[in-house]
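Participant: The structure is given below, and queries will be raised subsequently.
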Amino acid sequence: MNHQCHWTEVENIFLPREATIVRSVQATPTETHFTLKMTDGQPIEYEPGQIVELSLFGYGEIPIGIASSPTRKNTFDLVVRSVGRVSGAVTALEKGQSVYVRGPLGRGFDLTKLRGQDVLIVAGGIGLCPTRSLIQYILDRRDEFKRFVLFYGAREPGLQLFTDDLTMWRTARDVEYCETVDKGDPSWSGNVGVITTLFPQVELTPETRAVICGPPIFYRFVIRELDMIGIPRENVFADLERRMKCGVGKCGHCQINDKYVCVDGPVFSFADVQGLEEAF
Amino acid sequence: MTASFIRSDDFAAFVTAIIEAGPVYGPVAKRSRFAFARLETPEELRLDYDVSILPPKKLFFPPAQDLLQFDEAGFRAPLEPTEKVLLGVHFYDVKAIDQTDLLFSERNYDINYMAHRETTTIVAANIQTVSSRAFFASVGADVQPKGHDAFLTAIAGGYVLETLTERGGALLKFGAFQPATDAQLKEAAAVNAAVLEQCPEKLEHGTEAIAAKVRAAFKNEAMWTAMAADCFSCGTCNTVCPTCYCFDVHDTWNVDQTSGQRTRYWDGCLTEDFAKCSLGEGACENFREERATRFRHRMMRKATYLNEKLGGPACVGCGRCSAGCTADIADPVRIINQIMAS
C-alpha cells in the first residue's frame, strides 16, 4: 500500500465531543435554538458557514449548520428543526443536558472574497440559521465590509427565527434589513410575498457579493434576480443542503453529481455548481 | 520483488502453515458459488473460483461495522484490527481495493477502514475460471493493480509466487519455496495474459471516450428512463460492487436500553431513500426521486465522476452487478456500449 499515514497515528474522525446545552429556546413550533458549550472547555474553532454533525447516542447523527459567528467565543448556536428520530430527541433536551458534536466540517464562506465588498445575504426559511454565522460575523467586524444588505423571508410571521435579532436588525444602522412573509396574519404589517419581492426595495450594484441560502426551489428564483442586477455568478455563494450523513466525504449521501456537499461545500460559488445538473 | 516457485504437493503445507500463524481469508465454495471466508483447512481454499459473491472489501469495510459503542460511562471506538492474510484475490478485485484504499484515506483518513486494511497481507491469484459476465480485460485496461503484497499464479506442477512487498516476502518462510526459473516466470506471465482473452463481455471503447460520452448523456432523460424501467431499486448492483463504498450510519440500543452502538452499514445509491431528506411536518425532499436518476447516478460514478481522482473508471469488470441484477439491467457493458452507439 502506498500512503503516508498509519492508522495508529491518526485521529478517529467518527468520534464526537461532548457539548453542554447552556441555553435552549423554542424558536418556532418545530425549531429549537440551542446555545452549546464544549464540555471540556476547549471551544471548537470554525468559520462562518461550516457545519457540525450533532448526535445523541442511541438516536444518531444529523448535520447542522452553525448558527453563530466564531467572533462570539466559547459558545456556539445550533437551530434544530424537529423532523425525525435524532432531531426529535435533541429538541426534547433541556439546559444542562449533553449532546455530542463532530466538527467543524466542510467549507464555510470564503471571507477573503467578501471582505472589503458590498455584501447581500438572502436567506429563506431555515436558511437564516447557517447564514446567521456570517451575519453576526459581519456585524461584529463591520469595518471589514462595505455595504451590508440582508433579505429574510419566512413562510408566515409565527415561523420567523431569531426574533430578538430581527427586532435589532429592523432598526440597526449597520445592516439594511428587509423581510417578508409568504402569508401574513393580522399582526403583520410588513411585506407579504415571496423573497424575490424584496429585490425592488433596495438598489444593488453588480459589484455586490451575494450569499444565498434557502429551500431547494428558492435558488432558481433568487439567481434570476441576481442575474438581473448583473452580479457575476462567481460572486454568488450558495449554502446548500443535502443529506450529509458522515460529514467527511465518504458515505455518499450528499453528492451533487461528483461533489460531496459535506466536504466540497456546503458553501459553493454559484459558478462552480451551476453546471451540475443535480444542484438546483 | 522476488519470484519463487512451490510445487503443488507442497502447497497445502504452505497454506496450513499460514493458517497456523494467523487468520487467513480466501475463496471457499458456498453451495454452487464462492465467498471469501476464513480458512480452517487448506482443502477449503478454492483458487479455481470464478468470482466471489461479495467482493473481498468486506474484510476492511464490513457490511456492518461499529464506529463507536456507548454506555453510561461514555463511548469508545471498538476498533481492534488483527494481522491477517487475504489469499486468492483476482487482479480486478485488487484494482477495486486500490480504489477504496485511496477513497478512504484521502481528505479525511478513515481509520475504520484503514486499520483493517493496513493489517492485511494481500496475496493476489491468477483467474483460473472466468465468470459468465466478466469484462475485466476491457475496462480501465491501462490501470494496473498495485495494492497486493504478492501474486500467486498456478502453472504446471505448482505455483509461482511473486512477492512485491516486505509483507509478501514474509510469507516465503512458511512454505517450501525455491527461486522460480525464467521458464516458470514466462509460463506464469502467459497464464495471466491468456485469461484476458477469455472475457465473455467487452467494452467497445476506451476509458476517456466512454467517460466523455456517458457524461454528455446526462440529460438524455428518455434513455435513462428506458434503461431504468425495470429497476426494483433494490441496490444489489451496489451491494455486490467492489468499488461501491457508500454507507449509512445508525444508532441502536442494546436490550439494557442504556448501552448501544453507532454502526455503519453498506448503503446503495440505487435505493429509493438514499438522497431523501426530511423537511418536517411529513414533507420530504428526495434529491434523486426517480429510479432513472439513481440509475444514472451509478453509471456516472462508475464511468466518469471519479476517473480523474482514480486514474481510471470506478469499475473493474468483475461482472457481479450484471449477474446479480434481478431484472438484468445493471450490466455496465450493455449500458455503456448502448450509450456509445447512440
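The values are calculated or read from the model by the stated rules, or taken from the named source; none is laboratory data. Everything numeric here is computed off the predicted structure, so don't read it as measured data. Using ideal geometry, Cβ is built from the backbone for each residue, glycine included, and neighbour counts are taken over all protein chains shown. Areas reflect the complete protein model, heavy atoms only, side chains present, ligands, DNA and RNA absent. Shrake-Rupley method; radii C 1.70, N 1.55, O 1.52, S 1.80 Å.
Participant: Checking the condition open to solvent by less than 10 Å² (accessible area, probe 1.4 Å) and of a type in the set (Ser, Thr, Tyr), which residue from B:THR82, B:THR100 passes?
Facilitator: After applying the criteria, what remains is B:THR100.
Participant: Kindly indicate whether any position in region B:217-237 is assigned to a strand (DSSP E or B) and under 28 Å from A:GLY58 (Cβ atoms).
Facilitator: no
Participant: Considering only residues of region A:128-150 that are farther than 30 Å from A:ASP40 by Cβ and assigned to a loop (DSSP other than H, G, I, E, B), which is least open to solvent (accessible area, probe 1.4 Å)?
Facilitator: A:PHE145
Participant: Also: On the basis of being touching an Asp or Glu at 6+ places or on another chain (Cβ under 6 Å) and closer than 30 Å to B:ALA137 by Cβ, does B:PRO200 make the cut? Lay out the reasoning, then the answer.
Facilitator: Working: touching an Asp or Glu at 6+ places or on another chain (Cβ under 6 Å): no; closer than 30 Å to B:ALA137 by Cβ: yes.
Criteria not met by B:PRO200.
Participant: While we're here: List the strands (runs of 3 or more DSSP E) that sit entirely inside region B:105-166 and contain at least 1 residues that are under 30 Å from B:ASP328 (Cα atoms) and touching a residue at least 12 places away in the same chain (Cβ under 8 Å).
Facilitator: Fully inside region B:105-166 and qualifying: B:120-125.
Participant: Here's another thing I want to ask about it. For region B:321-332, enumerate the residues that are in contact (Cβ under 8 Å) with a residue 24 or more places away in the chain and open to solvent by 10 Å² or more (accessible area, probe 1.4 Å).
Facilitator: B:CYS321, B:ALA323, B:GLY324, B:CYS325, B:THR326, B:ALA327, B:ILE329
Participant: Test each condition in (1) within 14 Å of chain B (Cβ to nearest Cβ); (2) surrounded by fewer than 22 Cβ atoms within 10 Å (Cβ to Cβ); (3) under 18 Å from the mean Cα position of the chain (by Cα) for A:PRO266 and report the one that comes out false.
Facilitator: (2)
Participant: Scan region A:63-77 residue by residue and report those that are part of a loop (DSSP other than H, G, I, E, B) and touching a His at 6+ places or on another chain (Cβ under 9 Å).
Facilitator: So the first thing to find is which residues in region A:63-77 are part of a loop (DSSP other than H, G, I, E, B), and the list is A:66-74.
Selection gives A:ALA67 alone.
Participant: Still on this structure, I have one more. Kindly provide the set of residues from region A:107-127 that are open to solvent by 10 Å² or more (accessible area, probe 1.4 Å) and either free of Cβ contacts under 8 Å to residues at least 60 places away in the same chain or within 12 Å of the chain's Cα centre (by Cα) (or both), ordered by number.
Facilitator: A:ARG107, A:GLY108, A:THR112, A:ARG115, A:GLY116, A:GLY125, A:ILE126
Participant: A further question follows. Please specify each residue of region B:255-295 satisfying the condition of being open to solvent by less than 20 Å² (accessible area, probe 1.4 Å), within 11 Å of another protein chain (Cβ to nearest Cβ) and more than 26 Å from B:ALA64 (Cβ to Cβ).
Facilitator: The answer is B:GLY280, and nothing else.
Participant: Follow-up question, since we're still on this one. Consider only pairs whose beta carbons are under 7 Å apart and that are at least six residues apart or on different chains; among these, list those whose first residue lies in region A:182-203 and is free of Cβ contacts under 8 Å to residues at least 24 places away in the same chain and whose second residue is open to solvent by 40 Å² or more (accessible area, probe 1.4 Å) and assigned to a helix (DSSP H, G or I).
Facilitator: Short answer, once both residue conditions are applied: A:ASN191/A:THR197.
Participant: Which one of these does B:HIS250 not meet: (1) assigned to a strand (DSSP E or B); (2) crowded, with 21+ Cβ neighbours inside 10 Å; (3) out of contact with any Leu (no Cβ under 7 Å at 6 or more places or on another chain)?
Facilitator: (2)
Participant: Kindly establish whether B:THR326 is of a type in the set (Ser, Thr, Tyr) and under 30 Å from B:HIS90 (Cα atoms).
Facilitator: So B:THR326 passes the test.
Participant: Any residue at all in region B:25-39 that's open to solvent by less than 40 Å² (accessible area, probe 1.4 Å) and in a helix (DSSP H, G or I)?
Facilitator: No, there is no match, as no residue in region B:25-39 is open to solvent by less than 40 Å² (accessible area, probe 1.4 Å) and in a helix (DSSP H, G or I).
Participant: Another question, if that's okay. Out of the residues in region A:227-263 meeting the condition of being of a type in the set (A, V, I, L, M, F, W, C) and open to solvent by 10 Å² or more (accessible area, probe 1.4 Å), tell me which one is nearest to the chain's Cα centre (by Cα).
Facilitator: Step by step, filter region A:227-263, then rank; the result is A:PHE237.
Participant: Are any residues in region B:40-65 open to solvent by less than 50 Å² (accessible area, probe 1.4 Å), part of a strand (DSSP E or B) and more than 21 Å from B:VAL195 (Cα to Cα), and if so, which ones?
Facilitator: Within region B:40-65, just B:GLN65 meets the criteria.
Participant: Next up: Quick check on my filter: what residues within region B:112-133 are open to solvent by 10 Å² or more (accessible area, probe 1.4 Å) and facing another protein chain (nearest Cβ under 10 Å)?
Facilitator: Within region B:112-133, B:HIS116, B:GLU118, B:THR119 meet the criteria.
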